[in-house]
Amino acid sequence: MVWQATEATHKYAVVVYNYEHSDPMRLRLHVGDTLQILEQCQDWYRGLNIKNKTEKGIFPKSYVHIKEALIDRSGTYETVQAKELPIVQEITSVLREWGNIWKKQYINNGVEFEMLKVMMLELIDCRKLIMSRKITMDELKELQQRVTTKIDYGNDLLGLDLVVRDEVGNVLNPETTGTIKFYRQHELAVQRIQKESVSMSSILLTVIQWNSSIPAIMKDEKNPI
């Protein structure tokens, strides 16, 4: 096989199917992983995991989805990153992190499991809407505020770090933001989380009531009058 360097349009990919194997020359793939593609040959790519660049190897082209990317070349080194809005990248990262936690909570099937499920589905819908590019800038701004509030509430629920943001929902850099403004935005974030908690509690109650009614509905269907 003759390996060739990939073109600029084929430098970044997202894994869409798991790929497990024992061959040390091949790269293990997990859905959601982001990859930097270095070379290609017929039905195969050679590349590395962007999150852990020590993981390198070849993998089937059909297991990944190519996406637009920004390429930064510094001498002989090349780095790539997704050409997406920051909020889209954040949603993707959050869904990946919450997904791992959600799988562990499946065994307990408690309140947090149901609440996390509802929030993840809403984030997925918001991500689709943003990526459709069929909304106005004002609608995007409003949607970003709603999404970031949902993310902050979910992180608080799971005991993860609280991210301090500006009025629009962009993450603030503590090194370039004044102490007073940073503290004020932190207080506003706490208030948004408390407000979101009330909203989510109402939604969760509806979900729980619906789930508890399913056995009764199934029983009535099996024993019609």
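Starting from the Cα gyration tensor of region 1-97, take the square roots of the eigenvalues, sort them a ≥ b ≥ c, and report rounded, prolate or oblate (rounded when a/c is under 1.5, otherwise prolate if a/b is larger than b/c, else oblate).
oblate
Expressed as a whole percentage, what fraction of the accessible surface of region 1-134 belongs to carbon and sulfur atoms when a 1.4 Å probe is rolled over the protein heavy atoms?
After summing per-atom areas, the C and S share lands at 53 percent.
Just flag the GluC sites (Glu not before Pro) in region 1-73 sitting in loop per DSSP whose Cβ has no more than 16 other Cβ atoms within 10 Å.
For GluC sites (Glu not before Pro) across region 1-73 that sit outside H, G, I, E and B with at most 16 neighbouring Cβ atoms in 10 Å, the list reads E7, E20, E55, E68.
Expressed in nm to one decimal, what extension gain is obtained for the pair Q81 and D23 from 0.36 nm per residue of sequence separation less their Cα-Cα distance?
Contour length minus Cα-Cα distance gives 18.1 nm.
Could you pull out every residue, at least 5 positions away or on a different chain, whose amide H is within less than 5 Å of the one on W44? Hs are placed 1.01 Å off N in the peptide plane, and Pro or chain starts have none.
Placed amide hydrogens put K61 under 5 Å from W44.
Could you work out how much longer the chain between N52 and I66 gets when fully extended? Use 0.36 nm per residue separation minus the Cα distance between them, nm to one decimal.
Gain on extension, N52 to I66, equals 3.2 nm.
State the extension gain, in nm to one decimal, for the chain segment bounded by E122 and S197, taking 0.36 nm per residue of separation less the distance between their alpha-carbons.
Contour length minus the Cα-Cα distance gives 25.5 nm.
Which of the pairs K56/K104; K150/K195; K117/K150 have their Cα atoms more than 18 Å apart in this structure?
Result: K56/K104 exceed 18 Å.
If you take the square roots of the eigenvalues of the alpha-carbon gyration tensor of region 139-181 and sort them as a ≥ b ≥ c, do you get rounded (a/c under 1.5), prolate (a/b over b/c) or oblate?
Because a/c hits 1.5 or more and a/b fails to exceed b/c, region 139-181 counts as oblate.
Could you put I91, I180 in order of accessible surface area, largest first, with the 1.4 Å probe and the full protein assembly present?
These residues rank, largest area first, as I180, I91.
Tell me whether region 31-151 comes out rounded, prolate or oblate; compute the Cα gyration tensor, take square roots of the eigenvalues as a ≥ b ≥ c, and use a/c under 1.5 as the rounded threshold.
oblate
The values are calculated or read from the model by the stated rules, or taken from the named source; none is laboratory data. No experiment lies behind these values; they were computed from the predicted model shown. Here Cβ is always computed from backbone atoms with ideal geometry, including for glycine, and neighbour counts include all displayed protein chains. To get the accessible areas, we keep the full protein, side chains included, count just its heavy atoms, and leave off ligands, DNA and RNA. Shrake-Rupley method; radii C 1.70, N 1.55, O 1.52, S 1.80 Å.
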